1. In the stretch 161-174, is there at least one residue being more than 14 Å from Y130 (Cβ to Cβ) and open to solvent by 40 Å² or more (accessible area, probe 1.4 Å)?
2. Within the stretch 78-103, which residues are farther than 17 Å from T119 by Cβ and assigned to a helix (DSSP H, G or I)?
3. Could we say that Q201 is assigned to a helix (DSSP H, G or I) and either modelled with pLDDT of 95 or more or surrounded by fewer than 18 Cβ atoms within 10 Å (Cβ to Cβ) (or both) here?
4. Going through L274, L223, L278 one at a time, which residue ends up being in contact with a helix residue (DSSP H, G or I) (Cβ under 8 Å, 6 or more places away or on another chain), buried (at least 21 other Cβ atoms within 10 Å of the Cβ) and farther than 30 Å from A86 by Cα?
5. Restricting to the stretch 186-198, name every residue that is within 24 Å of the chain's Cα centre (by Cα), hydrophobic (A, V, I, L, M, F, W, C) and surrounded by fewer than 24 Cβ atoms within 10 Å (Cβ to Cβ).
6. Return a yes/no flag: does the stretch 249-260 have any residue that is in contact (Cβ under 8 Å) with a residue 60 or more places away in the chain, of a type in the set (V, I, T), on the phi < 0 side of the Ramachandran plot and surrounded by fewer than 21 Cβ atoms within 10 Å (Cβ to Cβ).
7. So, in the stretch 253-297, exactly how many residues are closer than 19 Å to P97 by Cα and among the hydroxyl-bearing types (S, T, Y)?
8. Kindly provide the set of residues from the stretch 137-179 that are in a helix (DSSP H, G or I), in contact with a strand residue (DSSP E or B) (Cβ under 9 Å, 6 or more places away or on another chain) and aliphatic (A, V, I, L, M), ordered by number.
Amino acid sequence: MSGITRLLRHCMKALLVTLAVTASTAFAAYPDKPVKLVVPFAPGGGTDLIARTLGAGMSRELGQQVIIDNKPGASGNISGSEVARAVPDGHTFLIAPTSVETANPSLFKASLLPSRDLTPVATVGRTQMYLVAKPQLPAKDVRELVALARAKPGTLSYASAGAGTPPHLACELFKQATGTQVTHVPYRGAAPALQDVLSGQADFVCDPGIAFQHIRAGKAKLLGIVSAKRSPFFPDVPTVGEQGFPGANLDIWFGMWAPNGTPPEVLARMSAELGKALALPTVKSRYADLGAEPVAMSTPEFRKLLADEGAMLSALIARQKIVVD
C-alpha cells in the first residue's frame, strides 16, 4: 500500500469520526430553538386545542417553547405544503387529522401528496364520532332512524362540518352501511353544523365529540356511535354496527408529520416525547374535556393506520361520488 493511499484512508477515517462527533453533538443540543407545530385549522377548533395541549406538555421535556402556528385552508393542504418545504432539522412539524393524507388526495387536485412529501411520526390521539339527532326526530336509536329514512328516501337531512371532512365521510359511510338516501347539508365547521341540528334545521349529524353537553342536557339525541367500539364517554350507547349496520366506522385520528429528511434520531425523540406528554394526567384530563382519547401509536403502527384508512376512504369517495367545491 502506497504512502498516498494510507494517507487518504487516514484522512477519510478522521473525517468520518469528525462527522459522527458533530452529528452526536448536534443531536445532544436538540432542540436548540423553539419547536413549531403547524395546525391546519383556526384557533379554538379540536385540532388546535389538541396541539396546544400537547405543546404545553412537551415544552418542559424539550427545554424549548412549543409554538402553535395556525395555517388554515384546503383541509390541511396549505399547512402540509408549508411543513413539506420546511428545513428538516426537527423544529417544524404538522399536527393534523389523518384525513390530510387518507382523504385529501382523493378529494383535491393539489400538488401535496403527504404519503410522498411528509414523514409520519406518531399518532397524538383520536376522537370518535357520534350519531346525534335533533330532539324532535321521532327515532330513539339507529334502527328507527333507518326506518324513517327508508320510508321517505331523500327527505331526511344530515349536517356536516364541510364537504370532504371526516364528519361528512362518516355520514356517507352510514348511508352506505344502511342503504339509505339522506340529503347532505355542508357547513363551515362542526359547531355550526351541530347548531342547526339542535335548532331542528337538519335531522342529524356525525358529531366529532362537541355535542356532549347538549346530549347530557337532553337537548339532542345520541342514537349510536359511528365507530368500531363503544365510547368510553357513553358506554351504554351501542355502535351503529351493534344495531345491525356494520361498516359505519370512522374515528378521527390526529397525528404528527415531519418534513422528509428529518434525522431518524429526531423523529424517535419526538415520538418518545409525544408518548410522555400523552401520559400526563393534565393532558388526559384536557383530552377528556374535548371528547378525545390520548391514544399513542408507534411510527410503524401509524403508517399501517394511514394505509388502511386511505384505502377505505378512497374507495368510499369513489363509490359515493363525493366531491368538494
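The values are calculated or read from the model by the stated rules, or taken from the named source; none is laboratory data. The shown structure was predicted, so the numbers you read here are calculated from the model rather than taken from an experiment. Note that we place each Cβ from the backbone using ideal geometry, even for glycine, and neighbour counts take in every protein chain shown. Heads up: the accessible areas ignore ligands, DNA and RNA and are worked out on the full protein's heavy atoms, side chains in. Shrake-Rupley method; radii C 1.70, N 1.55, O 1.52, S 1.80 Å.
1. no
2. I78, S99
3. Values: assigned to a helix (DSSP H, G or I): no; either modelled with pLDDT of 95 or more or surrounded by fewer than 18 Cβ atoms within 10 Å (Cβ to Cβ) (or both): yes.
In short, no.
4. Numbers: L274 fails: farther than 30 Å from A86 by Cα; L278 fails: farther than 30 Å from A86 by Cα.
None of the other options fit; the residue is L223.
5. Answer for the stretch 186-198, where residues must be within 24 Å of the chain's Cα centre (by Cα), hydrophobic (A, V, I, L, M, F, W, C) and surrounded by fewer than 24 Cβ atoms within 10 Å (Cβ to Cβ): A191, L194.
6. Taking the stretch 249-260 first, the residues in contact (Cβ under 8 Å) with a residue 60 or more places away in the chain are 249-260.
Of the ones still in play, those that are also of a type in the set (V, I, T) are 252.
Applying the additional criterion that residues be on the phi < 0 side of the Ramachandran plot yields 252.
If we keep only those that are surrounded by fewer than 21 Cβ atoms within 10 Å (Cβ to Cβ) as well, we get none.
Looking through the stretch 249-260, none of the residues is in contact (Cβ under 8 Å) with a residue 60 or more places away in the chain, of a type in the set (V, I, T), on the phi < 0 side of the Ramachandran plot and surrounded by fewer than 21 Cβ atoms within 10 Å (Cβ to Cβ).
7. 2
8. Across the stretch 137-179, the qualifying residues are V142, L145, L169, A170, L173.
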